[in-house]
Amino acid sequence: MTLLKVEDLKMHFPVYGGVLYRQVATVFAVDGVSFSVEAGKTMGLVGESGCGKSTIGRALLRLYEPTSGRVSFEDKDITHLKGRKLRDLRSDMQMIFQDPFESLNPRHTIGDILQEPYIIHHQGKPAERRQEVLKLLDRVGMPADSIHKYPHEFSGGQRQRIGIARAIALKPKLIICDEPVSALDVSIQSQILNLLIELQQEMGMAYMFIAHDLSVIKHVSDQIAVMYLGRIVEIADSETLYANPQHPYTRALISSIPEPDPRKRKNFTALKGEVPSPMNPPSHCHFVDRCPYSQPLCSEKTPLLTVKGTNENHRVACHFALN
């Protein structure tokens, strides 16, 4: 069952300047993306820094007001919800942030932070909320005495566990994980990833997992969308994408994954040039200036995300998709 459906979502930011402080440019952070997230499954969103991944997550939760497009949650249009309806929706949609230290109020104890979702949504009495907080701490592997401590008294991995506890407090149906392990040591990353997988199996939640590390994305995702400069260039199930990437950008990303066995050599696909500015992206195909296979058609016609092979769930935005 489709839990979340995104259709042609755009998120453009005006840039102001000059003596009169007028709009002088536009940042095309997200430029028309469409995808869906199935209930209980994980949708991975991967790409270089600045491609618009985190912006999508914030737009879905309405931390940003989308410029255009449509977002549906359980077949209900939530694109322009406001007030109480938006607040009620957030009990079903939560977010785990990249930097847990910035997302946790340094002036509040962990007990106060974890009780806040219940208070906002008017759930339980003080004694009941305290018991729920203790259960949350135990579920994410934190000691009970954490309830009296402050965020600065914990390590990065422990703070991320607290962020996860806050996200699952109201038993949401969808959690947007915005690079939740990118700031952690490798050994701690595996612990947090395993915790997220266990919680998903136990609670039946869906994840939209945002990351720039393809090895992490492969470990947790059922379906993966690859982003470049505000657009999705390829989308497929995890196994198909890694076994048969068809977009040149996807192939370059996968070839850059480190191989721990020195006896196994990989043909690294180096990309030329730098990522263009999202204020002035190339016309039509955004990847045209860095693509080793570009043709004149790429600068004349925008490639659409379409099925190129026999797999209906494997779509590529490229005129000359690789086979």
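Since every read-out is calculated from the coordinates, none of them should be taken as a lab result. Remember, predicted model here, so these are calculated numbers, not experimental data. Here the Cβ positions follow ideal geometry from the backbone for every residue, glycine too, while neighbour counts run over all protein chains shown.
With only the Cα atoms considered, segment 109-169 has a convex hull volume of 68 Å³ per residue. Counting only residues at least eight positions apart within a chain, or on another chain, the aspartates and glutamates with an alpha carbon under 20 Å from that of K135 are D92, D112, E116, D145, E198, E202. For C291, C285, the sequence from fewest to most other C-beta atoms within 10 Å is C291, C285. Near the amide H of F209, within less than 5 Å, lie the amide hydrogens of M43, G44, L45, C177, all on another chain or at least 5 residues away, with H placed in the peptide plane. A simple spin-label model places the labels of L86 and E128 2.9 nm from each other, with each point 7 Å out along Cα-to-Cβ. Convex hull volume per residue, computed on the Cα atoms of segment 85-243, equals 127 Å³.
Given +1 at the Cβ of Lys and Arg, -1 at the Cβ of Asp and Glu and no other charges, the dipole of the chain around its Cα centre is 380 debye to the nearest 20. Using only side-chain charges placed at the Cβ, +1 for Lys and Arg and -1 for Asp and Glu, the dipole size of segment 56-198 relative to its Cα centre rounds to 540 debye. Give the residue from H122, A321, M1 lying farthest towards the positive end of the charge dipole for the chain; charges sit on Cβ (+1 for Lys and Arg, -1 for Asp and Glu) and the dipole is referred to the Cα centre. Going by the charge dipole, the pick is H122.
Take every Cα pair under 8 Å whose residues are at least 6 apart in sequence, average their separation, divide by the length of segment 109-169, and the relative contact order is 47 percent. Taking Cα atoms only, the orientation of helix 156-168 departs from the longest principal axis of the chain by about 80 degrees. Derived scalar couplings between HN and Hα for segment 3-15 equal 8, 10, 10, 10, 10, 6, 6, 10, 9, 10, 10, x, 10 Hz in order, rounded to whole Hz, by the Karplus curve 6.51 cos²θ - 1.76 cosθ + 1.60 (θ = phi - 60°), x for Gly and Pro.
Across segment 1-26, the residues whose backbone nitrogen lies under 16 Å from the label position 7 Å along the beta-carbon direction of D77 are 5-10.
Here's the list of lysines a cross-link from K41 could span, going by alpha-carbon distance under 23 Å and ignoring same-chain residues fewer than 8 apart: K5, K53, K76, K171, K173, K218. Shown for the chain: cysteine residues without a partner Cβ closer than 4.7 Å, namely C51, C177, C291, C318. Here the Karplus relation 6.51 cos²θ - 1.76 cosθ + 1.60, evaluated at θ = phi - 60°, turns the backbone of segment 281-289 into coupling constants of x, x, 6, 6, 6, 6, 8, 4, 6 Hz, with x for every Gly and Pro.
Shape descriptor for segment 154-306: Rg over Rh equals 1.02 (Cα atoms; Rh from the Kirkwood inverse mean 1/r).
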